[in-house]
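Chemist: So that we are looking at the same thing, I have put the structure below in structure tokens.
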Amino acid sequence: MTDIENPMLDAAKKRKRILVAVIVSLCVLYVLLAARPLSREIHFLPVWTIDADNSTRTERLSIQEMKDNAEKLVSEMNKPASVEVSETDSENADSENPENPESNAVSQDQKMSEVDVVSSAKFDGAIPFKLGQLVGYFTKNGRMLSRVTFPFKASVSPSFYSVYETHSEKIEVHSPDGKKIAEINQTGFPYFADDKIFLFLPGGASFARIGSTGEVLWTYEGYSPVTAFSSSKEGLLAGFADGHLISFAPDGSVVFEFEPGGSTYPVILGAGISNSGKLIAAVSGHDNQRFVLAENMGGRAKVIFHKTFSREVTGQMVVKFKNDESAVYYGCSDGLGVVNCKSLKSTVVPLVGTILSIQEDNDGTIFVLSKDGNSYSVSVVEAYDVHSGSFSFEAETAFMSVRDGSLFVGHDSKISRIDIKHK
């Protein structure tokens with residue numbers, strides 16, 4: 001018996017084979033073009049905890065204890081152990097006056113007498129901290145090198161620290177080992193950025209660059225209060241309450257002035273400048289608030305990216321470029337905003353609370369400290385915008401510093417080292 005050919009059946013089978021081939025091809029194409037490699041799982045490995053109040057150290061901090069209560073961090077640890085010194089950015093901050101400053105006031109000599117006697121060489125690579133009414137330095141291995149109490153205000157960085165009063169006419173600047181290296185004979189508020197010293201002058205609209213011995217190198221005198229400030233290797237950017245930005249060269253000369261505009265009420269809420277000084281970014285305005293990324297084009301700013309926010313923020317925001325200038329990060333109402341400076345792709349990493357600090361490790365990993373009420377969170381961001389992990393803890397005050405794959409977290413009077421590993 002001979003099979004009878006059916007032209008309609010053959011055509012249907014042919015269409016089915018073509019459809020299957022197309023579907024398979026589209027699946028392969030999707031995998032090749034749209035798939036994103038999964039990041040390795042991140043692990044937080046507790047190493048030690050030190051108490052800044054009494055310089056004791058305990059081993060193996062528990063992350064869960066940090067989540068439960070910062071004051072319980074050392075309650076179940078081993079006995080304090082002595083620590084050897086090892087080799088190894090803390091944010092500048094002002095401290096508000098206590099309720100009764102007179103009761104806590106001490107002379108500068110008394111403050112300096114509290115610095116532990118440690119040789120200057122041991123301060124190489126020391127990590128600065130500021131917690132409550134204490135500033136000082138410690139090593140990566142957990143040795144407390146110095147502690148200085150202050151009743152009024154203090155600023156600290158890896159290179160300098162200063163303890164001063166609001167109306168001090170003379171402000172002493174000390175190296176980490178406690179030696180006086182400069183005296184600023186002018187009233188103001190010192191700000192340290194790496195190895196640079198700045199002084200914000202009374203009135204809030206002017207500032208000066210200070211030399212290594214306390215001399216004034218140059219001064220900018222403005223009329224509108226400074227609301228944002230960023231210093232990098234090759235540049236300086238200041239933002240003002242009237243909505244304009246000024247980019248300065250290291251010698252104080254003005255590179256360009258720029259007004260982002262676009263908002264009903266212009267004000268600069270956050271600003272950042274790249275290491276080369278070629279890129280600037282800002283969060284600006286109220287009522288049509290937006291983020292703006294601009295490039296220095298021969299002495300004028302050219303906007304290369306901007307984004308209007310659907311939900312606005314009211315306070316100051318952190319803006320920070322990656323060291324290689326490949327991306328810029330900024331705080332926003334939805335978390336951490338990210339813009340790739342090459343492709344100009346924009347994303348948002350959802351984070352809870354206000355972002356207080358954005359820091360980059362040597363391998364390009366981004367660490368973010370945020371606060372929501374009395375709850376602080378540390379988040380890790382990799383590959384520009386991949387949220388790799390986070391943990392939270394309760395504290396009254398906190399700080400974060402990153403160094404060579406290790407995370408240092410201050411929580412009230414405690415400082416903890418947590419190493420970051422990928423598996």
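The values are calculated or read from the model by the stated rules, or taken from the named source; none is laboratory data. What you see is a predicted model, and the numbers here were worked out from it, not measured in a lab. In this analysis, Cβ positions are derived from the backbone assuming ideal geometry, glycine residues included, and neighbour counts consider all displayed protein chains. Remember, those area values only see protein heavy atoms, side chains included, never the ligands or the DNA or RNA. Shrake-Rupley method; radii C 1.70, N 1.55, O 1.52, S 1.80 Å.
Chemist: Students often get this wrong: which residues of the stretch 225-250 have the backbone nitrogen under 17 Å from the point 7 angstrom along Cα-to-C-beta of D195?
Modeler: Counting backbone N atoms under 17 Å from the label point, the list is 231-236, 250.
Chemist: Given the Cα-Cα distance of I181 and M297 and 0.36 nm per residue of separation, how much length would full extension add, in nm?
Modeler: Using 0.36 nm per residue and subtracting the Cα-Cα distance, I get 37.9 nm.
Chemist: Quick one: 3J(HN,Hα) in Hz for the stretch 156-173, Karplus 6.51/-1.76/1.60 with θ = phi - 60°, rounded, Gly and Pro as x.
Modeler: So the Karplus estimates, Gly and Pro as x, are 8, 8, x, 9, 9, 8, 8, 10, 8, 9, 4, 10, 5, 8, 10, 10, 8, 10 Hz.
Chemist: Same structure again: What FRET efficiency comes out for I304 versus Y223 if R0 is 25 angstrom and r is the Cβ-Cβ distance? Round to the nearest 0.05.
Modeler: 0.25
Chemist: In addition: Please identify which residues in the stretch 188-222 have an amide N closer than 12 Å to a label point set 7 Å out from the Cα of E259, following the Cα→Cβ vector.
Modeler: Label zone hits: none.
Chemist: Related question: Take the Cα of R311, step 7 Å along the line toward its Cβ, and report every residue of the stretch 357-389 whose backbone nitrogen sits under 17 Å from that point.
Modeler: 370-373
Chemist: If you count only protein heavy atoms with a 1.4 Å probe, what accessible area per residue comes out for the stretch 349-407, rounded to a whole Å²?
Modeler: On a per-residue basis, the stretch 349-407 sits at 35 Å².
Chemist: Dividing the alpha-carbon Rg of the stretch 128-185 by 2.2 N^0.38 Å yields what?
Modeler: Against the empirical 2.2 N^0.38 Å value, I get 1.11 for the stretch 128-185.
Chemist: Where does the stretch 195-317 land on the Kirkwood hydrodynamic radius, alpha-carbon pairs, in angstrom?
Modeler: For the stretch 195-317, inverting the mean 1/r across all distinct Cα pairs yields 14.6 Å.
Chemist: Report the gain in length on full extension from K423 to A383: 0.36 nm times residue separation, minus Cα-Cα distance, nm rounded to one decimal.
Modeler: 12.8 nm
Chemist: Continuing with the same structure: Using label points projected 7 Å from each Cα along Cα→Cβ, tell me how many nm separate D53 and V352, to one decimal.
Modeler: Label-label distance for D53 and V352, simple model: 2.8 nm.
Chemist: Now for a different question. Summarise the accessible area of the stretch 160-285 (1.4 Å probe, protein heavy atoms) by the percent that is carbon and sulfur.
Modeler: On the way: 2490 of 5010 Å².
Using a 1.4 Å probe with all protein chains present, the stretch 160-285 comes out at 50 percent carbon and sulfur.
Chemist: Separate question: Could you work out how much longer the chain between D242 and L344 gets when fully extended? Use 0.36 nm per residue separation minus the Cα distance between them, nm to one decimal.
Modeler: Value of the extension gain: 34.0 nm.
Chemist: Could you check the spin-label model distance between S276 and D124? Points 7 Å from the Cα along Cα→Cβ, value in nm.
Modeler: Those two pseudo-labels are separated by 3.2 nm.
Chemist: Express the accessible area of the stretch 158-259 per residue in Å², computed with a 1.4 Å probe while the remaining protein chains stay in the model.
Modeler: I get 43 Å² per residue for this part.
Chemist: Going down the list K307/K342; K322/K342; K122/K170, which pairs span over 19 Å between their C-alpha atoms?
Modeler: Over 19 Å Cα-Cα: K122/K170.
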